[in-house]
1. As I understand it, the dipole of the range 298-457 uses +1 on the Cβ of Lys and Arg and -1 on the Cβ of Asp and Glu, about the Cα centre. Which of V405, L438, N417 lies farthest toward its positive end?
2. Run the simple label-point estimate for N40 and E426 please: 7 Å along Cα→C-beta, distance reported in nm.
3. What does the convex hull of the Cα atoms of the range 422-536 come to per residue, in Å³, rounded to a whole number?
4. Would you kindly enumerate the cysteines in the chain that have no other Cys beta-carbon under 4.7 Å from their beta-carbon?
5. Rounding to the nearest 10 and keeping the result within 0 to 90°, find how far the Cα-based axis of helix 403-413 lies from the longest principal axis of the chain.
6. Binning at 5 Å from 0, report for the range 183-239 what percent of all alpha-carbon pair distances ends up in each bin.
7. Give me the angle, in degrees from 0 to 90, between the Cα long axis of helix 497-507 and the longest principal axis of the Cα atoms of the chain, rounded to the nearest 10.
8. Can you give the charge dipole size of the range 306-395 about its Cα centre, rounded to the nearest 20 debye, using +1 on the beta carbon of Lys and Arg and -1 on the beta carbon of Asp and Glu?
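The values are calculated or read from the model by the stated rules, or taken from the named source; none is laboratory data. Treat the numbers as computed from the prediction; the structure is a model and nothing was measured. In this analysis, Cβ positions are derived from the backbone assuming ideal geometry, glycine residues included, and neighbour counts consider all displayed protein chains. All accessible areas refer to the heavy atoms of the entire protein, side chains included, with ligands and DNA or RNA removed. Shrake-Rupley method; radii C 1.70, N 1.55, O 1.52, S 1.80 Å.
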Amino acid sequence: MSKIDLAGLSPEIITYITTLESQIKEQSTQLEIQTQTVENQKVRIDKLMTMLANFQKALYGQSSEKSRYVLGEDRNQLSLFNEAEAEANRNAPEPEKVSVAGHTRKAKRTKEELAADLPVVEILCELDEEEQVCGKCGSELRVLGIETVREELEIIPAQIRVLRYKRQSYVCKCCEKDTGVATIVKAPTPAPVIKRSLASASTVAHVMYQKYVNGMPLNRQEKDWSFQGVMLSRATLANWVIRAATDWLLPLWETMKSYLLKEAVISADETVIQVLKEEGKTPTSESRMWVYCSGNTGNPPVVLFEYQPTRSGEHARRFLEGFHGMLQTDGYSGYNKVPGVTRCGCWAHLRRRYEEAMPKKGTREGSTAAVGFEYCNRLFAIEADLEKLNADERKIQRQELSRPVLEAYFAWLETVNPLHGSKLGEAITYSVNQRESLCEFLKDGRIELSNNRAENSLRPFVNGRKAWLFADTKKGAQSSAIVYSIVESAKANRINPYMYLVHIFQKMPSLNFKNEPSLLENLMPWSPELPDYCRL
């Protein structure tokens, strides 16, 4: 506003004009404040609407990232309650052929191949003796031949029986005659999984398999046992899990950890677990289940879980002590406490941030968030084409194909000016702060583009948590971490987790592994010494 010449004006008019200028200044200042307040409220409303949309997506939306994200496309909501009705198709073929976009190809396994390793019971359908008469002339019918009409899969429910071990004793005839003192020899008996308990190797393996593979909590197992005519309390089942995990699975866990720390690449992640009875914490407080798994190095995969009461990076530092390779994680700063490692970032986390930043209404195509999202998709598309290459070949191809995309992406970032505090601003800030770790995959073909390996390892735990909700005690949470480590490592090595647990509980009670730790090598999930019935 230009300055007014007050010369020659009366004092009253000068006072009036000065007061008016002051009021205009004050109103201008208030207008600026209100404008800034409106902008802040817009950002806040946008964040709240995004939170609401994400919350609705978490409740009702699709969680898988396997399907391609299509901009502006409406999706039908999936229903958990009418899945069978929605998916049912009376004309759907049995698994002999599988449909693929554009053509039909033969499935990997036919019905005959699926049942090739199963025992077969033949049911012969024949006429009764009085019916073996010709309907035209009344003569006796003779057998012409046998044809196969169809094959069906039959389920035989689990059976429970008592194994009563009886030991036979032997006495020497001569010693008793000559000396009058009998020499008695007793037959050896297999060592029990848990002393003074009804638990057998198969029983404990079954309880663990049901909870940690099938996600059936102990209270449901208690009811299932009662339906079988056996009254076992959930406290007894919990004791079996904790004792067997501590006595027999923990030594295997420790041996696997020694292998893991020798790997060149380790992926890590963590998620929430609630423990009701933990000293110094309320039942509603959050604890953490950490997972560490070997990377794409060509060595047998290892997946280890560890329970800790907090999310402090000190836990990762302590667990990974002695590891000096490449650590692939999300952007959590707690991993910075791990010394002597190369931090490798996760493009999947960044892609999710761009997806969350996309407009919830109106056109998404061409939005700033959609551009960043598409850069991420281009990198993942390149990685899909390089999947079958070895590490050295992958590194060369990344320099040629992925590096130009990265350079274009970070050049584009400099042109973006997002609202402070918006979801797009968070995605941009994440990219800038994590730039070094996000670019590490260019330097070594063994580094993956995302931390999905660790996230996928956590998924069975997260799915199981939806059923059993919480751990009762710290000891129970620690035992759960050990059992999850064994079954997930078994699955990663294509080992049947139930039969693997049975084999462990049959062998380990008789092994002197405390004095000879090398005996545990034959029980590793990648050991060639495992029996064939453990292999998938």
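1. The residue sitting most towards the positive pole is N417.
2. Computed distance between label sites N40 and E426 equals 2.0 nm.
3. Residue-normalised Cα hull volume stands at 210 Å³.
4. Singleton cysteines: C125, C134, C137, C174, C293, C344, C346, C376, C439, C534.
5. Tilt relative to the chain: about 40 degrees.
6. Cα pair-distance distribution for the range 183-239, in percent: 4, 16, 25, 23, 11, 7, 5, 4, 3, 2, 0.
7. 50
8. 340
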